[in-house]
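The values are calculated or read from the model by the stated rules, or taken from the named source; none is laboratory data. In this text, all values refer to a predicted model and were calculated from it rather than measured experimentally. Cβ: placed from backbone, ideal geometry, glycine included. Neighbour counts: every protein chain shown. To get the accessible areas, we keep the full protein, side chains included, count just its heavy atoms, and leave off ligands, DNA and RNA. Shrake-Rupley method; radii C 1.70, N 1.55, O 1.52, S 1.80 Å.
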Amino acid sequence: MSPELPRNQYAADAFAQLRTILVETSHPGNVGSTARALKTMGFHDLCLVNPKTPGLAQEPEAVALASGAMDVLNASSVEADLNAAVAGCTLVLGLTSRDREFGPPGLDWLEARERIVTQLSQGKRVALMFGPERTGLDNAHLALCSHRVWLEANPAYPSLNLAQAVMVCAYSLREGLIQALGTAGADLAQRVGSEDRADPAAVAAMLEHLRLGLESIGYLNPENPKKLMARLAALFARAELQTEEIDLLRGIAKQMLLRK
């Protein structure tokens, strides 16, 4: 038997702030198994982005593998746009075992869990993003992530089934939240402080604004952009920009466009 979390609204809110995003999922069994894994560990916010088959969560295999978690499955949301799925999340973590030349900074799972627990304890929304079964997350998906995260596994065979990966993360986060909220309670959020970190969707919008500004002053050639925007995206991801810094950068981009 695992220890119980204190039965109070503060603890319940922390669990409610985690969103699990499945991107372009193909197999209904993975959706049903994910719903079951989330409910078993106390989470419930499941979002499907561009599932390969319409109505994937209602297919018989999904229903069968969800077992007693039909409430999570039925409440799952479907989004055509990944930006909509991550809106309002201050921390968006993309689960991938592949290293990338560019993209968000990498964290191992233990580092990631500490950040997630801190954010959830402050009442901030956090998203875990899982990619398609066959290919995993691509660079366009990761562009909306604040960090990429990997689970420590056998280096000779690091591949996990999608629903298995969700279960590992959900179990670990439950353990972390029990330790944090069970011992510190609401005081934890006051101790760690509050960060007004910009969400990845706001960073992506700023980068697009900045791209237009750089083109307008002739610094970026749209016919031959090379890797400038990818490098800037990686730079800003490492900087973990706050909301007021996004406003500052967009103000600079605006002035560039005005002087066109």
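Here are some notes:
- Cβ-Cβ contacts under 6 Å between residues 6 or more apart (or on different chains), taken from a first residue in segment 90-112 that is closer than 13 Å to residue 240 by Cβ and touching a residue at least 60 places away in the same chain (Cβ under 8 Å) to a second residue that is part of a loop (DSSP other than H, G, I, E, B) and acidic (Asp, Glu), are listed as 90/199.
- For residue 36, the conditions (1) part of a loop (DSSP other than H, G, I, E, B); (2) open to solvent by 50 Å² or more (accessible area, probe 1.4 Å); (3) in contact (Cβ under 8 Å) with a residue 24 or more places away in the chain; (4) of a type outside the set (A, V, I, L, M) all hold with the exception of (1).
- Listed by position, the helices (runs of 4 or more DSSP H) contained in segment 162-260 that have at least 2 residues being modelled with pLDDT of 85 or more and touching a Lys or Arg at 6+ places or on another chain (Cβ under 6 Å) are 162-184, 200-216.
- Residues located in segment 78-135, provided they are in a loop (DSSP other than H, G, I, E, B), among the β-branched types (Val, Ile, Thr) and buried (at least 21 other Cβ atoms within 10 Å of the Cβ): 96
- For the residues 50, 74, the requirement of being open to solvent by 60 Å² or more (accessible area, probe 1.4 Å) and at positive phi singles out 50.
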